[in-house]
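Take a look at the structure below.
The values are calculated or read from the model by the stated rules, or taken from the named source; none is laboratory data. Keep in mind it's a predicted model, so treat the numbers as computed, not measured. With ideal geometry, Cβ positions are generated from the backbone for all residues, glycine too; neighbour counts draw on all protein chains shown. These accessible areas exclude ligands, DNA and RNA; they are computed on the full protein's heavy atoms, side chains included. Shrake-Rupley method; radii C 1.70, N 1.55, O 1.52, S 1.80 Å.
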Amino acid sequence: MEGNFTMRILVINGPNINMLGVREPEIYGRKTYDELCRTISGHAAKRGAEVEIYQSNHEGGIVDKIQQALGNFDGIVINPAAYTHTSVAILDALKAVSLPAAEVHISDVSAREDFRQISYVRSYCGKTICGHGFDGYTEAIDWLIDEAGKAE
Ligand code: DQA
């Protein structure tokens, strides 16, 4: 990777991720959404990447944000939360902008209910990380940076 290349990463979190620390702590832990944002920002800074963190409870807001990433970001980390299991629109938006993307879930969705076993975005995302808690986001950032390095 060129020394002067600064990777611009967009982190997207779907519905109820803003409720971290309050929602189902036995599944998602006691750390808050603010703590998640600090973890992500701190890691991106350490890796020399720029990061914007976006959260929405609305499917269309997430679609708009993905579309706006075109030309403005080099990669996307996305936890679509419940929309993982329902949203063709989010999958189509990722395909439309065609940016490298990693799917993250705080919990291990593979060990949960049947309705969580489908992920629409998975077929697009180059990497999926489940059940690593907040570390999943930092691992996804590392993956995007590594992939960008390979592409040089
Ligand atoms: C989640 C898992 C989803 O099934 C759930 O709807 C969420 C969070 C996770 O990060 O573990 O809201 O994406």
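Residues in the stretch 1-57 that are aliphatic (A, V, I, L, M) and out of contact with any Phe, Trp or Tyr (no Cβ under 8 Å at 6 or more places or on another chain): 9 in all. Residue count for the stretch 94-113 under the criterion of being open to solvent by 20 Å² or more (accessible area, probe 1.4 Å) and farther than 21 Å from Pro25 by Cα: the result is 5. Only one of the numbered conditions (1) without any contact (Cβ under 8 Å) to a residue 60 or more places away in the chain; (2) surrounded by 14 or more Cβ atoms within 10 Å (Cβ to Cβ) is violated by Asp34, and that is (2).
What about Glu26, is it among the acidic types (Asp, Glu) and within 10 Å of the ligand (Cβ to nearest atom)? Considered against the rule, which asks whether it is among the acidic types (Asp, Glu) and within 10 Å of the ligand (Cβ to nearest atom), Glu26 comes out as no.
Checking the stated criteria, Val77 turns out to be buried (at least 17 other Cβ atoms within 10 Å of the Cβ) and touching a residue at least 24 places away in the same chain (Cβ under 8 Å). Is it the case, given these coordinates, that Phe134 is within 20 Å of Arg8 (Cβ to Cβ), of a type outside the set (Val, Ile, Thr), surrounded by 13 or more Cβ atoms within 10 Å (Cβ to Cβ) and modelled with pLDDT of 95 or more? In short, no.
Name every residue in the stretch 112-123 that is in a helix (DSSP H, G or I), more than 9 Å from the ligand (Cβ to nearest atom) and over 21 Å from Leu36 (Cβ atoms), in order of residue number. Matches in the stretch 112-123: Asp114, Arg122, Ser123. Condition check for Ala151 on (1) of a type in the set (A, V, I, L, M); (2) at pLDDT 95 or above; (3) farther than 14 Å from Val77 by Cα: one failure, at (2).
Among residues of the stretch 67-107 being under 15 Å from the mean Cα position of the chain (by Cα) and of a type in the set (Asp, Glu), the one that is farthest from the ligand (Cβ to nearest atom) is Asp74. Quick one: would you say Asn18 is free of Cβ contacts under 8 Å to residues at least 60 places away in the same chain and either of a type outside the set (D, E, K, R) or away from the ligand (no atom under 15 Å from the Cβ) (or both)? Yes.
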